[in-house]
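Undergrad: Before anything else, here's the structure in question.
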Protein chains: 2
Amino acid sequence: MGINTNSHMQIAVVGLGLMGSSIVVSLLASGHQVVALAPLPGEKEIAIKHIVGLLRHADDSNLLTKGLAASVQALKVTDDYQDIAPCKFVQECVIEDKDIKKIVYQRIADHVSEDTVIASNTSAIPISELQQFVPMPSRFIGVHWAEPAYMTRFLEVTCGEQTDMVVAEHVVQLGKNWGKEPTLLKKDIRGFITNRLMYAVYREALTLAERGDTTLEDADKIFRYDVGSWITLMGIFRRLDFVGFADYIPSFASLLKQLSNRSDVPLVMERMVAENARGIHNCKGLYPYSEQEAKAWEEAFAHFNKDIYELATQYGEQRLLEAIPYDVEEDKLYDVEEDKLSKI
Amino acid sequence: MGINTNSHMQIAVVGLGLMGSSIVVSLLASGHQVVALAPLPGEKEIAIKHIVGLLRHADDSNLLTKGLAASVQALKVTDDYQDIAPCKFVQECVIEDKDIKKIVYQRIADHVSEDTVIASNTSAIPISELQQFVPMPSRFIGVHWAEPAYMTRFLEVTCGEQTDMVVAEHVVQLGKNWGKEPTLLKKDIRGFITNRLMYAVYREALTLAERGDTTLEDADKIFRYDVGSWITLMGIFRRLDFVGFADYIPSFASLLKQLSNRSDVPLVMERMVAENARGIHNCKGLYPYSEQEAKAWEEAFAHFNKDIYELATQYGEQRLLEAIPYDVEEDKLYDVEEDKLSKI
């Protein structure tokens, strides 16, 4: 029932768009042999260029366990499904279209052995629906990555109704081997967890903005400078362990009643779609952009990603608790010398 | 009507608990003369120790414009309301108790001139209610800080019904002078913005956890490693400008219907209060803590704060756009040499 989780196993990635290419690099960085399959005509050549570029980027940040040359050696880019035959884990990341995914799964299943795990990167289509398209639904699972895959720790593992829990736990272990912090969703509720939590924020913020009570700019500032100042260290709920709980009961009691419960699509989102807004990609979005500004933001994100990834590494939970006992720096902080005091 | 916003003006801080002391240091760091008033018996001595400790911490991070010695010189810690007489801006941060705040405002008003702006750090009591306790409600406003005040950019400015908008805009300018990224809420809706957005997240996450669909640990991982990987750079809505909008309409249409609309207090919060849980402060919380672990988390936060503050400085919007034109590093990234390609 189990699956191999060692780093020498061969893994296939099917679909080599931005996300797929980035996943290929993450798997190479972890030391795997990777078969990267381009199912679309012409995709292979673009993907090779893109993957090699990303590999260099990963190498610049010392993320390639084996180094650049060996990582390139461990990669096979192909458009032939026969090449995925030896793979025991196949990560699908083609577009979010059920019919296309169905065809892709059939081709995959035609070429791999029955014990192969097939994982979808979908964040929109229920795993329980997709797993009906494969001959071994118990070995089908959602494995949802964040961009750039080799420089984020996010990995959302989602079971469909028929997914074998032993397979799920092995995939979680595999994710840990890849340096991720996998989450496991045992039931594929719509939108998984991430989207549901973010849509709860969108709903409230867009409603307040529509009513003129706030602006999107201010909502962004609040998340950048308040939430941003602790979220990478502790997440939502450990934060409450820092703040304490005394004030929360009255706040829950009074605030939940006032939050938006709407289910219609907020106006500004309708408008964005009507205007064919693609944000920084076509300089039309919630914020105005010149081409230079859009480029500057894109560049900034590439750099920021590396910085926040490294910061998160520094403050990983395991590292933090291994460092116990801490030194007494903070105590020293409050140990005031008399001469300083006398100046006040 | 206006208020002085220059850094030489004298500012009073009334209430010298953790938050008040931290605000004192932020104001000193910006070069102000500060009268720090301890309204509780015995609070003054503890506050002096605490403030000097924080000043050193701020100095270690080069945050004191005037340096440590001059900052100490610019501070007067007192328990005598007469000392606040020359101050044109008074920041109140006593406990969240309307009756106590009422008494404090009366004492403040008895000692300052009519044109003084009185600001409350409250995040729980409506500004419109509090401003009824002062003789000049048009010059009363909410100014809500985050901890540690000298090392965060968050500043939530909130008007009550009677607050003069000219005063509000001056306070926003004052906040900018303090190195903050102030947000302005023109109408004091309950919970202001930050709390409403976070309670929307709590509601959805706690509901999913109660149903067994996820765990608080996994919700935390998602925020640490997905949301955390971009929030400090771009906030909630600029993020959408990066992702594009095409997929959002169907997601809004299907997901909003499924989000929790409950208004009862989630069970786990009731339990925390019943158990007198104070999180890392008494090793009882949503997570288990040994004393050493609680201490390690507290230390980690002090260090993390400094790191994320500096990272946010690096990626401030103004700095980012001033840096245009960026160099072509990213283009180089994808400019693959032929010899690398041939190895694949």
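Undergrad: Between residue A:274 and residue A:186, what length in nm is gained on full extension when 0.36 nm per residue of separation is reduced by their alpha carbon distance?
TA: Contour length minus the Cα-Cα distance gives 28.0 nm.
Undergrad: Here's another thing I want to ask about it. Could you derive backbone 3J(HN,Hα) for the range A:125-140 from the dihedral phi with the Karplus parameters 6.51, -1.76 and 1.60 (θ = phi - 60°), listing whole Hz in sequence and x where the residue is Gly or Pro?
TA: 9, x, 4, 4, 6, 5, 6, 6, 8, 10, x, 10, x, 5, 10, 10
Undergrad: Oh, and also: Where does chain A land at 222 nm, in deg cm²/dmol rounded to the nearest 500, when only DSSP H runs of n ≥ 4 count, each adding -39500 (n - 2.57), divided by all residues?
TA: Rounded to the nearest 500, it is -14500 deg cm²/dmol.
Undergrad: Take peptide B:41-53, look around each residue's Cβ out to 10 angstrom, count Cβ atoms belonging to other protein chains, and average those counts.
TA: 2
Undergrad: Here's a follow-up. How do the peptides B:23-30, A:244-251, A:164-171 rank, highest first, by the average count of neighbouring beta carbon atoms within 10 Å per residue?
TA: Order by mean packing, descending: B:23-30, A:164-171, A:244-251.
Undergrad: Which residues in the range B:128-153 have a backbone N closer than 19 Å to a point placed 7 Å from the Cα of residue A:254 along the Cα-to-Cβ line?
TA: Residues passing the 19 Å test: B:128-134, B:141-145.
Undergrad: Run through the DSSP bridge list for chain B and note the antiparallel percent, rounded to the nearest 5.
TA: Bridges in chain B are about 15 percent antiparallel.
Undergrad: Right, something else. Among the aspartates and glutamates, which fall within straight-line cross-link reach of residue A:98, defined as a Cα-Cα distance under 19 Å, with same-chain neighbours fewer than 8 residues apart omitted?
TA: A:110, A:129, A:161, A:188, B:247
Undergrad: Can you compute the modelled spin-label distance between residue A:100 and residue B:281, with each label point 7 Å from Cα toward Cβ, in nm?
TA: The two pseudo-label positions are separated by 5.3 nm.
Undergrad: Heavy atoms only, probe 1.4 Å: what % of the accessible area of chain B goes to carbon and sulfur, would you let me know?
TA: Accessible surface attributable to carbon and sulfur in chain B totals 49 percent.
Undergrad: Kindly identify residues of the range A:60-86 having a loss of at least 50 Å² in accessible area between the isolated chain and the assembly of all protein chains, probe radius 1.4 Å.
TA: Correct list: A:72.
Undergrad: Each label point is 7 Å from the Cα along the Cα-to-Cβ direction; what then is the distance between the points at residue B:110 and residue A:40, in nm?
TA: Reported label-point gap for residue B:110 and residue A:40 is 7.5 nm.
Undergrad: OK, next. Normalise the Cα radius of gyration of the protein assembly as shown by 2.2 N^0.38 Å (N = residues in it) and let me know the number.
TA: That works out to 1.02 for the protein assembly as shown.
Undergrad: So how strong a dipole does chain B carry about its Cα centre when Lys and Arg Cβ are +1 and Asp and Glu Cβ are -1, to the nearest 20 debye?
TA: In debye, rounded to 20, chain B gives about 780.
Undergrad: Same structure again: Would you mind getting me the FRET efficiency between residue B:76 and residue A:65? Use the beta-carbon distance for r and R0 = 45 Å, nearest 0.05.
TA: Computed FRET efficiency for residue B:76 and residue A:65 comes out at 0.15.
Undergrad: Roughly how large is the A-B contact in terms of buried accessible area, totalled over both chains, probe 1.4 Å, nearest 100 Å²?
TA: Interface area, both chains combined: 14700 Å², rounded to the nearest 100.
Undergrad: A further question follows. Note the angle between two axes, namely the Cα long axis of helix B:18-29 and the longest principal axis of the Cα atoms of chain B, as a number of degrees from 0 to 90, rounded to the nearest 10.
TA: Once rounded, one gets 90 degrees.
Undergrad: Here is a follow-up. Whole number in Å², please: accessible area per residue of the protein assembly as shown, 1.4 Å probe, ligands, DNA and RNA not counted.
TA: 40
Undergrad: Can you tally the net charge around residue B:84? Count Lys and Arg as +1, Asp and Glu as -1, for every other residue whose Cβ sits under 12 Å from the Cβ of residue B:84.
TA: Result for the local shell: -2.
Undergrad: For peptide A:177-190, compute the average count of partner chain beta-carbon atoms within 10 Å of each residue's beta-carbon.
TA: 4
Undergrad: Which of the pairs B:101/B:180; A:66/A:295; B:49/B:76 have their Cα atoms more than 21 Å apart in this structure?
TA: Table pairs above 21 Å Cα-Cα are B:101/B:180; A:66/A:295.
Undergrad: Explain nothing, just the number: relative contact order of chain A, from Cα pairs under 8 Å at least 6 residues apart, as a whole percent.
TA: 13
Undergrad: Can you tell me the order of B:49-58, A:306-315 when each peptide is scored by its average per-residue count of other Cβ atoms within 10 angstrom, highest first?
TA: The packing order, highest mean first, is B:49-58, A:306-315.
Undergrad: Place a +1 charge on the Cβ of each Lys and Arg in the protein assembly as shown and a -1 charge on the Cβ of each Asp and Glu, then give the dipole magnitude about the Cα centre in debye, rounded to the nearest 20.
TA: Computed about the Cα centre, the dipole is about 880 debye.
Undergrad: Restricting to bridges with both residues inside the protein assembly as shown, how much of the DSSP beta-bridge set is antiparallel, in percent to the nearest 5?
TA: 15
Undergrad: Convex hull volume of the Cα atoms in the range A:182-260, per residue, in Å³?
TA: Cα-based convex hull of the range A:182-260, divided per residue, equals 139 Å³.
Undergrad: If you don't mind, there's one more thing I want to ask. Using alpha carbons only, how many degrees (0 to 90, rounded to 10) separate the axis of helix B:165-177 from the longest principal axis of chain B?
TA: Relative to chain B, helix B:165-177 is tipped by roughly 70 degrees.
The values are calculated or read from the model by the stated rules, or taken from the named source; none is laboratory data. Bear in mind the structure is a predicted one, so any value in this text is a computation, not a measurement. Backbone-built Cβ (ideal geometry, glycine too); neighbour counts: all protein chains shown. SASA here: full protein model, heavy atoms, side chains in, ligands and nucleic acids out. Shrake-Rupley method; radii C 1.70, N 1.55, O 1.52, S 1.80 Å.
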